[in-house]
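K.L.:
Have a look at the structure that comes next, please.
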Amino acid sequence: GESVGLHLPTLSVQEGDNSIINCAYSNSASDYFIWYKQESGKGPQFIIDIRSNMDKRQGQRVTVLLNKTVKHLSLQIAATQPGDSAVYFCAETSGTYKYIFGTGTRLKVLA
Amino acid sequence: NAGVTQTPKFRILKIGQSMTLQCTQDMNHNYMYWYRQDPGMGLKLIYYSVGAGITDKGEVPNGYNVSRSTTEDFPLRLELAAPSQTSVYFCASSYRRPSTDTQYFGPGTRLTVL
């Protein structure tokens, strides 16, 4: 019974495949971007971040790509696992105390 | 470390009632934030604090109040609950300002106003 995640776009991926989740950000002055994972009934959890002076950053099984020209951010998850099922959303900030959060994408991992 | 903790987890209020949502962090973070999350919407900032004794309004402060008397605690007060305040509330903290540090979130408080 989650109020978070209703009417969200859903990405369904077979276990073991790679997932790509996209985010269009709004402010061309934003210089710091974060991807969060939110599991059912829990608070958002930090996955990976990237600054505007980079176009790619890799973590463990995750990669974030930043395209400032078209204000687009993507999260790639390699070898998607059942535990990756969650809502993923991006956040941007331009150095103020305010983050702008996307609405999120629900990732469903199919066994 | 427990991280960011919030109480209660769930609460049902009647219109016009008041309550305080509690938030505590044990990471010695300077910055603390309150957000609300409505269905199909991104997190909206209610209030934030850059240190003990210093608070400021976010995007949607109407109907809420905060205080920050210690580094650890950042309670959110609803004085006259309205149905529009039905939401999931998240507290978050960070050591440095947002452009240089990520935020750590609590588990949330699900509030229903009837």
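The values are calculated or read from the model by the stated rules, or taken from the named source; none is laboratory data. Owing to the predicted nature of the structure, the values given are computational and were not obtained by experimental measurement. Reconstructed Cβ throughout: ideal geometry from the backbone, glycine too, with neighbour counts over all protein chains shown. When the accessible area is computed, the model is the full protein with side chains, heavy atoms only, and any ligands, DNA or RNA have been set aside. Shrake-Rupley method; radii C 1.70, N 1.55, O 1.52, S 1.80 Å.
K.L.:
Mind telling me which of A:THR93, A:THR69, A:THR80 comes out most flexible in a GNM of chain A, alpha-carbon contacts under 10 Å?
P.N.:
With Cα springs under 10 Å in chain A, the top fluctuation among A:THR93, A:THR69, A:THR80 is at A:THR69.
K.L.:
Still on this structure: Tell me the total accessible area that A and B bury against each other, 1.4 angstrom probe, in square angstrom rounded to 100. Present the calculation step by step, with values, prior to reporting the outcome.
P.N.:
Numbers: alone 6580 and 6190 Å², together 10680 Å².
That pair hides around 2100 Å² of surface in total.
K.L.:
Residues of the protein assembly as shown: accessible area per residue at 1.4 Å, in Å²?
P.N.:
Values: 10680 Å² over 225 residues.
Ligands and nucleic acids excluded, the figure is 47 Å² per residue.
K.L.:
Can you give me the relative contact order of chain A as a percent, contacts being Cα pairs under 8 Å and 6 or more apart? Don't jump to the answer; show the numbers that get you there.
P.N.:
Working: 252 pairs, mean separation 41.4, N = 111.
Reported as a whole number, the value is 37 percent.
K.L.:
With r as the distance between the Cβ atoms of B:SER84 and A:SER94 and R0 = 25 Å, compute the FRET efficiency 1/(1 + (r/R0)^6) and round to 0.05. Please list the in-between numbers first.
P.N.:
Numbers: r = 28 Å, r/R0 = 1.14.
According to the calculation, E is roughly 0.30.
K.L.:
Okay, next question. Roughly how many nanometres apart are two label points built 7 Å out from the Cα toward the Cβ at B:THR100 and B:LYS57?
P.N.:
With each label point 7 Å from Cα toward Cβ, the separation is 2.8 nm.
K.L.:
Now for a separate question. Per residue in the stretch A:85-108, which ones lose no less than 30 Å² of accessible surface when going from chain alone to all protein chains (1.4 Å probe)?
P.N.:
Residues meeting the cut-off: A:GLY95, A:TYR97, A:LYS98, A:TYR99, A:PHE101, A:THR103.
K.L.:
Here's another thing I want to ask about it. With N set to the number of residues, divide the alpha-carbon radius of gyration of the stretch B:58-114 by 2.2 N^0.38 Å and report two decimals.
P.N.:
Values: Rg = 13.0 Å, N = 57, 2.2 N^0.38 = 10.2 Å.
The stretch B:58-114 yields a ratio of 1.27.
K.L.:
Sticking with this structure for a sec: How large is the charge dipole for the protein assembly as shown, taken about the Cα centre, if only the Cβ atoms of Lys, Arg (+1) and Asp, Glu (-1) carry charge, to the nearest 20 debye? Don't skip to the end; give the middle numbers.
P.N.:
Numbers: 22 positive and 17 negative charges, 44 e Å.
The dipole of the protein assembly as shown has a size of about 220 debye.
K.L.:
Which is farthest toward the positive dipole end of chain B among B:TYR104, B:GLY58, B:VAL88, measuring Cα position about the Cα centre, with Cβ charges +1 (Lys, Arg) and -1 (Asp, Glu)?
P.N.:
Farthest along the dipole direction, towards plus: B:VAL88.
K.L.:
Still on this model: Could you tally up the Lys pairs in the protein assembly as shown with alpha carbons closer than 20 Å? Skip any pair fewer than 8 positions apart unless they're on separate chains.
P.N.:
16
K.L.:
Starting from the Cα-Cα distance between A:ASP31 and A:LEU110, subtract it from 0.36 nm times their residue separation and give me the gain in nm to one decimal. Walk me through the intermediate numbers first.
P.N.:
Numbers: separation 79, 0.36 × 79 = 28.44 nm, distance 3.50 nm.
Going from the current span to full extension adds 24.9 nm.
K.L.:
Would you tell me the mean number of C-beta atoms belonging to other protein chains that fall within 10 Å of each C-beta in A:34-45, as a whole number?
P.N.:
Values: counts 4, 1, 4, 0, 5, 0, 0, 5, 5, 15, 11, 2.
That average works out to 4.
K.L.:
Please work out whether chain B counts as rounded, prolate or oblate from its C-alpha gyration tensor, where a ≥ b ≥ c are the square roots of the eigenvalues and a/c under 1.5 means rounded, while otherwise a/b larger than b/c means prolate and anything else oblate? Let's see the in-between values first.
P.N.:
Details: a/c = 1.69, a/b = 1.64, b/c = 1.03.
The shape class here is prolate.
K.L.:
Please report, as a whole percent, how much of the solvent-accessible surface of chain A comes from carbon and sulfur atoms (probe radius 1.4 Å). Provide the component values of the computation, followed by the final result.
P.N.:
Working: 2620 of 5540 Å².
Here carbon and sulfur together make up 47 percent of the probe-accessible area.
K.L.:
Oh, and also: Towards the positive end of the charge dipole of the stretch A:13-111, with charges on Cβ (+1 Lys, Arg; -1 Asp, Glu), say which of A:SER52, A:CYS90, A:VAL109 has the farthest Cα.
P.N.:
A:SER52
K.L.:
Over the protein assembly as shown, what per residue volume does the convex hull of the Cα atoms give, in whole Å³? Could you put the intermediate results ahead of the total?
P.N.:
Values: hull volume 26.7 nm³, N = 225.
Spread over its residues, the Cα hull of the protein assembly as shown gives 119 Å³ apiece.
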